[in-house]
Amino acid sequence: MELFKRALRWLLKALYQVEVKGLENLDTAGKRVLIVANHTSFLDAVLLVAFLPGPLTFAVNTFVAQNRLLKPFLALAKIFPMDPTNPLSAKSLIRYLQQDNRAVIFPEGRITVTGSLMKIYDGTGLVADKSEAMVVPVRIDGAQYTPFSRLRGRVRLRWLPRITLTVLEPRRIAPPAEVRGRARRKAAGRALAEIMTEMMFATSNYRRTLFQALLDARRMHGGSHVIVEDIQRRPLSYTKLIAAAFVLGDVMAQKTRHGEYVGLLLPSMTSTVVAFLGLHAHGRVPAMLNYTIGANGMLSACETAQIKTVITSRRFIEAAKLTEAARQLEEQVNLVYLEDQAKHITPLDKLNGFALAHLASWAYRRNGGATDPDTPAVVLFTSGSEGAPKGVVLSHANLLANREQLAARVDFSAQDIILNALPLFHSFGLTAGTLLPLFSGMKTFFYPSPLHYRIVPEIAYDVNATVLFGTNTFLGGYARFAHPYDFYSVRYVFAGAEKLQEETRRVWAEKFGVRIFEGYGATETAPVLSANTPMDHAVGSVGRLMPGIRYQLQPVPGVAEGGRLFVHGPNVMLGYLLHANPGVLVPAECELGQGWYDTGDIVTIDGDGFIRIQGRAKRFAKIGGEMVSLTAVEELVARTWPDHAHAVVALPDKSKGEQLILLTERPDAERGALLAAAKAAGIAEINVPKKIMGVRQLPLLGTGKIDYPAVKTMAEEAYTEQEDVA
């Protein structure tokens, strides 16, 4: 038997170059062990039998155990048939483990048909809990690309891909003693699901550079795989994209220095992605300029990051009415127009680009591309609402870690089509809308403006979009103008950057039959910290933290529920560039130490890990000695008048310290209606704005968020005028 096992191991190594990591973790687990593995293909059991030491018992579905093709290989191990419909099967397995045996189980219960983790059965977690066995997670990676998987038509299958088995550290599943019955089963199942998700992230390869990830994605999905397209309808495959990046990158390299920050002032188009990758191909760092903050804001950003060259487009400058801003920018930096550079690109240059695309790894090294994943990969800028814009410096590892964190929780596939209308100067539009699909084989269709509420739904219908990213403001706009069938192909909609209103959620569910998954993050965290997903969803929350992220909640004086959220993880930025000290990187740290980031948000986290945002620490008002969340007040107003936009700010009050002022687009808004709504909801009168001011339109930032500094200025001016009249 051992001889046959060695022969099998030799054969699998010869065919698939199987690499096994972390076997020492199995040795330290002890005698009573439950090995849990993701289920990628019919090869999985064979691989585990061949490469895991010692006798193994496989707990498998009764029908699988009868499979004639697997019987010769399963003969190498003991089979423990499990009938999912029979509760006694689990009890038998618990007793077997309690006798200090080792068992292997695939907690998904079936081979994945998505390429990602599927449902994790609570029963497996309960088995681990009741048997008091050490749980050893094993990641199988690569077998999903063989013809023995169930991903035909979803991924590019190959006969002999590399396969890696990674054995992680053992751990124990033990819910609190007071949790019993069905609740204990659920808690154990959630704990196991968390272990499996953490395993998928921990074994991912985010320790590389963006351009290396691009080349790896091409190897995975094929050079001819179409990956990006925009309204010009000239789709680019991986190879064409890489060739274009080398050609344009060479032009930009002649006007810049290695390692310098180079500004990109461009819309959401394939040309922006080409320029972004072209800079990386030649060792430059893109700095994405937010063109919605005006000339002064962009000039300040350029000073902060010491940007000397900005890549832009004449057509874009004219279309976005940025002519005057461009003129002012040109007084400080060198503006390089893509149209002008295109005139000097010869057919020979293009031919050379295609040649380099087929020698991309060599060309990348020759051009001085980054090799350290912890070096800067992009600079994004805050909106400057609290003064001069700050530059947020994110590393290659930050961005790729966040991409892997998302992929560990959501079953994206190469069959998905992403519609990205978000600006690439925004971290949500860059990471989730661009880099995630680019490195996952998902085609992305770029549209240059999220504000075209009638056109974006038509684009979604036309390109058969399956995934959409947006903010509450944008998604609400699309819902008002879209035909009920425009989003027929959409399976996932993710909302972030601002609070998702219940009315937006309801309209999408009722009009389009689509559930919106709300998430939460910050530019400083690349950006996603948490998100609701198809398997982990709680209405009113922003989901659970991504794998690999640690957190602390610190109490806030005057706030009884929740605490200020601090986070630490591989997606937390390298640091800031500050206007007071241009070009100098200030590392990410706070009172908790290096690498910790203070989100500035006050949140609650329930027993299942779901986060609920109570409000920004800066968006609390102190009225008569009590702390009032402006976000909670806005939610009350939105429930009362869901068809209009609203904003609440706090202004000084002589008697109570501060007072709440509501600015609303609803023309007939009256305080009496709010008082009645608050009373019906059991909300104290202190949470009802003292004054209501009607406005034609609330000011918005380019990301769709409400521009609160501008709102506060409007409120102050209107309040001063009222007092003067009085």
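General remarks:
- Subset of the stretch 612-624 [touching a Gly at 6+ places or on another chain (Cβ under 7 Å) and aliphatic (A, V, I, L, M)]: ALA617, ILE623
- The set of residues in the stretch 563-591 that are under 24 Å from the mean Cα position of the chain (by Cα) and part of a loop (DSSP other than H, G, I, E, B) comprises GLY569, PRO570, ASN571, VAL572, MET573, LEU574, ALA588.
- Of the residues examined, ARG257 is not one that is outside the structural domain of ALA710 (by TED's automatic domain parsing), surrounded by fewer than 20 Cβ atoms within 10 Å (Cβ to Cβ) and under 27 Å from the mean Cα position of the chain (by Cα).
- Taking every residue in the stretch 1-23 that is over 11 Å from PHE51 (Cβ atoms) and pairing it with any residue that is part of a strand (DSSP E or B), at least 6 positions away or on another chain, the pairs with Cβ-Cβ distances below 8 Å are GLY22/THR166; GLY22/VAL167.
- The set of residues in the stretch 216-236 that are surrounded by fewer than 19 Cβ atoms within 10 Å (Cβ to Cβ) and farther than 15 Å from MET269 by Cβ comprises ASP216, ARG219, MET220, GLY222, GLY223, SER224, HIS225, VAL226.
- Whichever residue in the stretch 388-432 is aromatic (Phe, Trp, Tyr) and either closer than 20 Å to THR466 by Cβ or modelled with pLDDT of 95 or more (or both) and, among such residues, is surrounded by the most Cβ atoms within 10 Å (Cβ to Cβ): PHE428
- Some residue of the stretch 506-529 being at pLDDT 95 or above, within 28 Å of ALA193 (Cβ to Cβ) and in contact with an Asp or Glu (Cβ under 7 Å, 6 or more places away or on another chain): no
- Filter result (of a type in the set (Val, Ile, Thr) and either within 21 Å of ARG284 (Cβ to Cβ) or in a helix (DSSP H, G or I) (or both)) within the stretch 190-222: ILE195, THR197, THR209
- Taking the criterion of being touching a Ser or Thr at 6+ places or on another chain (Cβ under 8 Å) and farther than 18 Å from ALA245 by Cβ, the residues of the stretch 309-328 that qualify are ILE317, ALA326.
- The stretch 538-574: number of residues that are surrounded by fewer than 23 Cβ atoms within 10 Å (Cβ to Cβ), of a type in the set (A, V, I, L, M, F, W, C), touching a residue at least 12 places away in the same chain (Cβ under 8 Å) and farther than 22 Å from LEU400 by Cα: 5
- Matching residues, the stretch 276-312, being small (Gly, Ala, Ser), within 18 Å of SER427 (Cβ to Cβ) and surrounded by 22 or more Cβ atoms within 10 Å (Cβ to Cβ): ALA287, ALA301, ALA305
- Among the residues making up the stretch 111-129, a single one is within 21 Å of LEU52 (Cα to Cα) and surrounded by fewer than 22 Cβ atoms within 10 Å (Cβ to Cβ): ILE111.
- Subset of the stretch 246-282 (residues that are assigned to a loop (DSSP other than H, G, I, E, B) and more than 23 Å from PHE445 (Cα to Cα)): GLN254, LYS255, THR256, ARG257, HIS258, GLY259, GLU260, HIS282
- Strands (runs of 3 or more DSSP E) wholly inside the stretch 603-689 that include at least 3 residues being modelled with pLDDT of 85 or more: 611-616, 646-653, 657-664
- Hits in the stretch 165-181 - residues which are in a loop (DSSP other than H, G, I, E, B) and either of a type in the set (Lys, Arg) or closer than 21 Å to LYS21 by Cα (or both): LEU168, GLU169, PRO170, ARG180
- Qualifying positions in the stretch 223-244 - in a helix (DSSP H, G or I) and of a type in the set (Lys, Arg): LYS240
- Residues in the stretch 592-602 that are out of contact with any Leu (no Cβ under 6 Å at 6 or more places or on another chain), in a strand (DSSP E or B) and of a type outside the set (D, E, K, R) were compared, and the one that is surrounded by the most Cβ atoms within 10 Å (Cβ to Cβ) is ILE602.
- Options LEU56, LEU74: the member that is at pLDDT 65 or above and not β-branched (Val, Ile, Thr): LEU56
- Of all residues in the stretch 147-160, those satisfying the criterion of being out of contact with any helix residue (DSSP H, G or I) (no Cβ under 8 Å at 6 or more places or on another chain) and touching a residue at least 40 places away in the same chain (Cβ under 8 Å) are PHE148, ARG150, GLY153, ARG154.
- Conditions (1) part of a loop (DSSP other than H, G, I, E, B); (2) free of Cβ contacts under 8 Å to residues at least 60 places away in the same chain; number of the one not met by GLU498: (2)
The values are calculated or read from the model by the stated rules, or taken from the named source; none is laboratory data. None of these values were measured; they are calculated from a predicted model. Neighbour counts run over all protein chains shown; Cβ positions are idealised from the backbone, glycine included.
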